[in-house]
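What follows is a short report on a single structure.
The values are calculated or read from the model by the stated rules, or taken from the named source; none is laboratory data. Quick caveat: nothing in here was measured; it's all calculated off a predicted structure. Don't worry about glycine lacking a Cβ; one is built from the backbone with ideal geometry, like all the others, and counts go over all protein chains shown. Quick note on the areas: whole protein, heavy atoms, side chains included, nothing else; ligands and nucleic acids left out. Shrake-Rupley method; radii C 1.70, N 1.55, O 1.52, S 1.80 Å.
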Amino acid sequence: MHPSSTVRLQGLDTLRACAIVLVLMSHYMGFVSHAPTFGALGEIGWAGVDLFFVLSGYLIGNQLLGPVARGEAWSPTTFAMRRLLRTLPNYYVVLAVYLLMPHSVIAGKSAAPTWQMLTFTQNIGLAYGQTFSHSWSLCIEEQFYVVLPLAVLALARWGRSVHLAWCVLAGAIALGVTVRAVAMLRDGHDAFAAEVYYATLCRFGGLLPGVAIAMVKNFHPAAFARLLRHGNALFLAGLAVTAVAPWCVQNGLPNAFAATTFVFPFVAIGFALLTCAALSPHCMLNRVRIPGAASLALWSYAVYLVHKPVFMAIRPQAERLGIDTGAPLSVLAIMGLGVFGGWLLYRCVETPFMRLRDRWYPVQRTQPEQRPPVGFTMAGNRTS
C-alpha cells in the first residue's frame with residue numbers, strides 16, 4: 001500500500017470511529033438510560049449518521065468517478081455486486097432476527113411491511129418507534145448506490161462536461177433544501193419530524209458533499225492538492241462548523257424554519273471539511289493515532305446494525321436487577337456489549353462475505369483505452 005494511503009486511511013478511520021461513538025451515545029441515552037448520560041454531546045449524537053453519510057458519499061463517489069476521470073473501463077455490475085456483498089449479508093442477518101422475534105423486547109410499536117424491509121424502502125412512511133427503525137439510514141445509502149452510478153453513467157456516456165456535473169450536484173443539493181422548506185412551510189414539519197428526518201430527498205444532501213470532495217479530487221487534482229496543504233485549517237474549520245450547526249438544528253436556532261432548511265445542510269458541510277482534513281497527510285487527524293479507532297471503524301457497520309437491539313434487550317434486565325445504567329461501569333459494560341455484538345457479526349458474517357467479494361469481484365485497475373468510451377471533459381467534449 002502506498003504510504004499516503006495508509007496515512008489517509010487513519011484519518012478517515014478516526015472519523016468513522018467518531019461517527020459510531022456518536023450514534024452509540026445517542027441510542028444509549030434514548031434506549032438504555034433515558035437520561036442525559038453523555039450531556040450535550042449525546043444530545044447531538046444523531047449527527048453521527050450524517051458523518052457516515054459524508055464519508056460514504058466520498059468513498060463511493062471516488063470509486064465511481066476515479067475510473068471515469070482516468071478514462072478507464074468501469075463495470076456497473078462489479079460495482080453493484082461489491083456493494084451488495086458488502087452491505088446485504090449483515091443487514092439480512094439482523095433483519096432475520098427481528099422478523100423471528102416480532103413480539104420481543106427489541107421489537108417496536110409497529111413494523112414496516114416485510115417487502116419494504118427486504119428492498120431498503122422502509123424509510124418511506126417510517127414513524128419513530130417502529131421495529132428496526134435505525135435501518136432508515138441504510139435505506140438512504142442503498143438508494144443512493146442506485147442513483148449515483150446511474151447519474152455518473154449518464155453524464156459520462158453523453159460526453160458532458162465537468163461543469164454540467166457540478167450543476168447537477170448543486171441542483172440536487174438545492175432540491176433537498178427546497179423539499180425541506182416546503183415540508184416546513186406547508187406541513188409544519190421541522191428537521192426532526194419523521195416525514196423529513198427519514199425522507200430520501202431530504203437526506204441525499206448529506207451524501208453529496210462527500211461526492212463533491214471526490215469530484216474535486218478526480219477532476220481538479222491541482223486544486224485538491226492545494227486544498228490538502230491546509231489540512232489543519234480544514235480540521236479547525238470543520239470542528240467549528242460541527243460544534244455550531246448540530247446544536248442550532250437541535251435547538252431550532254435561529255428559528256425552526258431556518259434550522260430545518262438552511263442550517264441542517266451545514267452539518268454535512270462541517271463533516272465534509274473534516275473529511276477533507278482527514279485526507280491530508282499534514283493534518284493532526286493523521287498524526288495522532290487513537291487506540292482502537294481503526295478497529296472500531298472496521299466494525300462500525302456491524303456495530304451500527306447490532307447495538308440498538310442489544311441495548312433494547314439489556315434495558316429491561318438492567319431495570320429488573322436494579323442496575324444504575326448511568327453509572328460509569330454500567331455505561332462501559334453495556335456499550336461494550338453493543339460493540340461486542342457488532343464484532344461477532346463482523347467476524348461471523350461480514351468477514352467471510354468480504355473474502356468472497358474479493359475473490360469473485362476483485363478490484364482491477366485497467367489501463368486507459370486509446371479512445372475511452374466514457375469520460376468527462378472540462379470543455380464539454382467527449383474525451384479522446
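Can you find, within the range 219-275, the residue that is surrounded by the fewest Cβ atoms within 10 Å (Cβ to Cβ) among those that are polar (S, T, N, Q) and touching a helix residue (DSSP H, G or I) at 6+ places or on another chain (Cβ under 9 Å)?
Asn251
Scan the range 312-339 for residues that are assigned to a loop (DSSP other than H, G, I, E, B) and of a type outside the set (A, V, I, L, M) and the total you get is 4.
Scanning the range 180-203 for residues that are in a helix (DSSP H, G or I), open to solvent by 70 Å² or more (accessible area, probe 1.4 Å), hydroxyl-bearing (Ser, Thr, Tyr) and at pLDDT 95 or above turns up nothing. Among the conditions (1) aromatic (Phe, Trp, Tyr); (2) at pLDDT below 95; (3) out of contact with any helix residue (DSSP H, G or I) (no Cβ under 7 Å at 6 or more places or on another chain), the only one that Phe340 does not satisfy is (2). For Ser110, are the conditions met, namely being polar (S, T, N, Q) and not in a loop (DSSP other than H, G, I, E, B)? No.
Number of residues in the range 305-315 that are closer than 18 Å to Val349 by Cα, touching a Leu at 6+ places or on another chain (Cβ under 8 Å) and open to solvent by 10 Å² or more (accessible area, probe 1.4 Å): the value is 2. Does any residue of the range 74-86 turn out to be over 17 Å from the mean Cα position of the chain (by Cα) and assigned to a loop (DSSP other than H, G, I, E, B)? For the range 74-86, residues over 17 Å from the mean Cα position of the chain (by Cα) and assigned to a loop (DSSP other than H, G, I, E, B): present. Hey, any hits in the range 345-360 for a residue that's closer than 30 Å to Val216 by Cα, within 29 Å of the chain's Cα centre (by Cα), at pLDDT 95 or above and surrounded by 16 or more Cβ atoms within 10 Å (Cβ to Cβ)? Checking the range 345-360: at least one residue is closer than 30 Å to Val216 by Cα, within 29 Å of the chain's Cα centre (by Cα), at pLDDT 95 or above and surrounded by 16 or more Cβ atoms within 10 Å (Cβ to Cβ).
Residues of the range 27-82 that are of a type in the set (D, E, K, R) and open to solvent by 20 Å² or more (accessible area, probe 1.4 Å): Glu43, Arg70, Arg82.
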